[in-house]
Amino acid sequence: AHDRGRRDMNAIEVQSLTKRFERKEDGKKRPFAAVDSVDLAVEEGELFGLLGPNGAGKTTLIKILCTLILPDEGRASVGGFDVVKEADKVRASIGWLHGETGGRALYWRLSARDNLRFYASLQNVPPDVAEKRIDALLDFFDMTEEASTLVKDFSTGMKVKVMLARTLLPNPPILMMDEPTVGLDAATAVETRKLLKALSTDLGRTILFTSHNMFDVERLCERIAIMNAGKIVAID
């Protein structure tokens, strides 16, 4: 069982992390730092909020931590593993959810259960283990009765539940939640916040949660970092 009182290691550590891209200005390509010398530490078992406007660099940072893109400078570790040198071990330690409930997030012509079976196979969860976890997750998200319903017939809130269940299939200790409430109606956003809080409190997961909505992070997070123009401008 996860000991909420034990905070003797950092689940996520970031030191002088930088990622540059190019963009056109006055017809010329100019470099800019989407992530600019960022330092950050998230403790084991913490629900940590990364707040900032669109374009602040939050998604770029979380994609580096998920090993989806490489940093240009600095270093980062997740679960004690280097995101560049030990990317496979990082991927085995995390679940990633992005706030996108459109066609790319789930297979709409499959049922909730079949979606979870498919993603379990992609994540190398053994079939016998997968079935037990799928049953437990459907129960946790109060979806047992809808397990055979096609995802295309779900409300947005139900799709979010399936996405959260998919994220938890490999039983990762660390969750990366990139704008999980974006585009949701008020009632669905409230339900999603409750689910995230339960994942932290009841299941003891470390959660890095990004948002541009102050209400989200105030309601959910133990600590908050504010990001703007690629830099961490405040943290407390």
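General observations
- Comparison of GLY57, GLY45, GLY79, GLY52 shows that the only residue that is under 30 Å from THR156 (Cα atoms), in contact with a helix residue (DSSP H, G or I) (Cβ under 7 Å, 6 or more places away or on another chain) and open to solvent by less than 50 Å² (accessible area, probe 1.4 Å) is GLY52.
- Checking each residue of the stretch 178-193 against the condition of being out of contact with any Ser or Thr (no Cβ under 9 Å at 6 or more places or on another chain), modelled with pLDDT of 85 or more and open to solvent by less than 60 Å² (accessible area, probe 1.4 Å) gives no match.
- Enumeration of residues in the stretch 124-144 that are crowded, with 16+ Cβ neighbours inside 10 Å and either in contact (Cβ under 8 Å) with a residue 60 or more places away in the chain or not in a helix (DSSP H, G or I) (or both): VAL125, PHE141, MET143
- Cβ pairs under 6 Å, 6+ apart, first in the stretch 198-218 and closer than 17 Å to LEU184 by Cβ and in contact (Cβ under 8 Å) with a residue 24 or more places away in the chain, second assigned to a strand (DSSP E or B) and of a type in the set (Gly, Ala, Ser): PHE209/GLY49; VAL217/GLY49; VAL217/SER211
- Exclusive hit being open to solvent by less than 70 Å² (accessible area, probe 1.4 Å), touching a Pro at 6+ places or on another chain (Cβ under 8 Å) and assigned to a strand (DSSP E or B), set GLY95, GLY74: GLY95
- Residues that are touching a residue at least 12 places away in the same chain (Cβ under 8 Å) and closer than 18 Å to ILE174 by Cβ within the stretch 72-90 comprise ARG75, ALA76, SER77, VAL78, GLY79, GLY80, PHE81, VAL83, VAL84, ALA87, VAL90, listed in sequence order.
- Those residues of the stretch 145-158 which are surrounded by 14 or more Cβ atoms within 10 Å (Cβ to Cβ) and modelled with pLDDT of 90 or more, in sequence order: GLU146, ALA147, THR149, LEU150, VAL151, PHE154
- Selection status of LEU175, in contact with a Ser or Thr (Cβ under 8 Å, 6 or more places away or on another chain), more than 23 Å from ARG91 (Cα to Cα) and not in a helix (DSSP H, G or I): no
- Residue in the stretch 172-193 that is under 22 Å from GLU13 (Cβ atoms) and small (Gly, Ala, Ser) present: no
The values are calculated or read from the model by the stated rules, or taken from the named source; none is laboratory data. Because the structure is a prediction, the values reported are computed rather than measured. FYI the Cβ positions are ideal-geometry reconstructions off the backbone, even for glycines, and counts take in every protein chain you see. When the accessible area is computed, the model is the full protein with side chains, heavy atoms only, and any ligands, DNA or RNA have been set aside. Shrake-Rupley method; radii C 1.70, N 1.55, O 1.52, S 1.80 Å.
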